[in-house]
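For reference, the structure is listed below as structure tokens.
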Amino acid sequence: MSGSIFDFLCIGSITLDLNTVAGRSIRAIGGSAYYTSLILARLGCRVALVSRVGRELKHVEEKLNSAGVYVAKLDVLDCKPIQFENIYDSSGRRVQRVSCELPPITVEDLPDIEARCIHICPTIGDVDVSVVEWASERSFTSIDIQGFLREADEQRVVKLTYSSGAMKAVRLSNFVKADLDEARCLTGEKTAAEAACALAGDRRIGAVTMGAEGSVICWRKPMRIPAYRARRVVDPTGAGDAYAAGFLYSLVYRGASIAESGHVASAVASFLVEDWGASCSFTWKEVERRIRGNYDKTLLRTR
Ligand SMILES: Nc1ncnc2c1ncn2[C@@H]1O[C@H](COP(=O)(O)OP(=O)(O)O)[C@@H](O)[C@H]1O
Ligand SMILES: [Mg+2]
């Protein structure tokens, strides 16, 4: 399988998460690359993963293999895994703590592998910007900016800090996904539409997400994409990763328009929040049904 061309290559570390929602907590395997690669595989794409973990998470390779993700490289480091505590308040706002960090994946860590789209999604400083440069010379390059902006303060609370490296990563990419706080931190703009356009510039697609408030995608002009209603909201962790996976699946794999891909992104994310962690048991048929059931209404609302 290593000699073939994949639809997607996801790059980023896998983490151990403790998610607390409405007073209930659960331990789950996490990390953007974990969520994104599982969802893309679930949607039927050929997905490869380059990742690293602390030793406790060595067993994750089996889980990924059995879900249909090709683990092209998994460095098991002799240290603790990155551990995130994700604590949500009743309005869905998240406080994050991180207990340990890993050295970044660099170009030297990458195997010789081809994919139509390379999605780079660090959790906290675990991918070097040189990897984005490497990707941009090969394939459609997508980034989730979160892990390029996060830093832990003295209490290990995750904060966002502007960096020229993050800006460089944006400039090298074809698609960039940020949530509103991240987009504001990077662009200095206030509204989601202004920030999405600042991220997009004149040659890439920018997406700024706002949890249950939906998102804005900019390609030459901003487009508002509403959130789809979830049957229940159990755990919002990974919603942004599901959104990126849905968008890339629709745009790169299905060849759909940017507007339609925004709706797919939003619908896929609405399924992810219905259960704890990365348990993605939805089907493409269900995603389609949810979009069809709301499409006209949502399009009217977005105009
Ligand atoms: N409670 C929710 N109900 C339905 N969709 C949601 C919900 N929370 C998030 N989403 C969807 O997931 C997208 C990404 O969520 P967001 O929380 O903004 O990203 P991140 O996880 O990166 O912070 C949103 O734009 C929305 O489409
Ligand atoms: Mg995010």
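The values are calculated or read from the model by the stated rules, or taken from the named source; none is laboratory data. As the structure is a computational prediction, the values presented were derived from the model and not from experiment. No Cβ is skipped: glycine too gets one built from the backbone with ideal geometry, and neighbour counts run over all protein chains shown.
Tabulated values for the structure
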read-out: Test for Asp179: is it among the acidic types (Asp, Glu) and away from ligand 1 (no atom under 16 Å from the Cβ); value: no
read-out: For Ala242: the one exception among (1) more than 15 Å from ligand 2 (Cβ to nearest atom); (2) of a type in the set (A, V, I, L, M); (3) under 14 Å from Ala207 (Cβ atoms); value: (1)
read-out: Hits in the stretch 75-103 (condition: part of a loop (DSSP other than H, G, I, E, B) and either touching a Pro at 6+ places or on another chain (Cβ under 6 Å) or touching a residue at least 40 places away in the same chain (Cβ under 8 Å) (or both)); value: Pro81, Ile82, Ser90, Gly92, Ser99, Cys100, Glu101, Leu102
read-out: Single residue of the stretch 38-73 satisfying the filter (in contact (Cβ under 8 Å) with a residue 60 or more places away in the chain and closer than 16 Å to Ser13 by Cβ) that is surrounded by the fewest Cβ atoms within 10 Å (Cβ to Cβ); value: Ala72
read-out: Every residue from the stretch 183-216 that is closer than 21 Å to Gly147 by Cβ, near ligand 1 (Cβ under 8 Å from one of its atoms) and assigned to a helix (DSSP H, G or I); value: Gly211
read-out: Count - residues of the stretch 119-135 that are over 13 Å from Ala33 (Cβ atoms) and either free of Cβ contacts under 8 Å to residues at least 24 places away in the same chain or not in a loop (DSSP other than H, G, I, E, B) (or both); value: 6
read-out: Neighbours by Cβ (under 8 Å, 6+ apart or cross-chain): first from the stretch 211-233, closer than 13 Å to Phe247 by Cβ; second of a type in the set (Val, Ile, Thr) and within 6 Å of ligand 1 (Cβ to nearest atom); value: Ser215/Thr209
read-out: Selection count where residues are surrounded by 24 or more Cβ atoms within 10 Å (Cβ to Cβ), more than 9 Å from ligand 1 (Cβ to nearest atom) and not in a strand (DSSP E or B), scope the stretch 217-245; value: 2
read-out: Subset of the stretch 36-57 that is out of contact with any Cys (no Cβ under 8 Å at 6 or more places or on another chain) and assigned to a helix (DSSP H, G or I) - its residue that is farthest from Ile113 (Cα to Cα); value: Glu56
read-out: Candidates Gly214, Gly293, Gly255, Gly246, filtered to the one that is modelled with pLDDT under 95 and not aliphatic (A, V, I, L, M); value: Gly293
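Here's the yes/no breakdown for (1) surrounded by fewer than 24 Cβ atoms within 10 Å (Cβ to Cβ); (2) away from ligand 2 (no atom under 13 Å from the Cβ); (3) within 18 Å of the chain's Cα centre (by Cα):
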| site | (1), (2), (3) |
| --- | --- |
| Pro122 | no, no, yes |
| Asp128 | yes, yes, yes |
| Trp134 | yes, yes, no |
| Glu137 | yes, yes, no |
| Ile143 | no, no, yes |
| Val158 | yes, no, yes |
| Ser164 | yes, yes, no |
| Leu172 | yes, yes, yes |
| Leu180 | yes, no, yes |
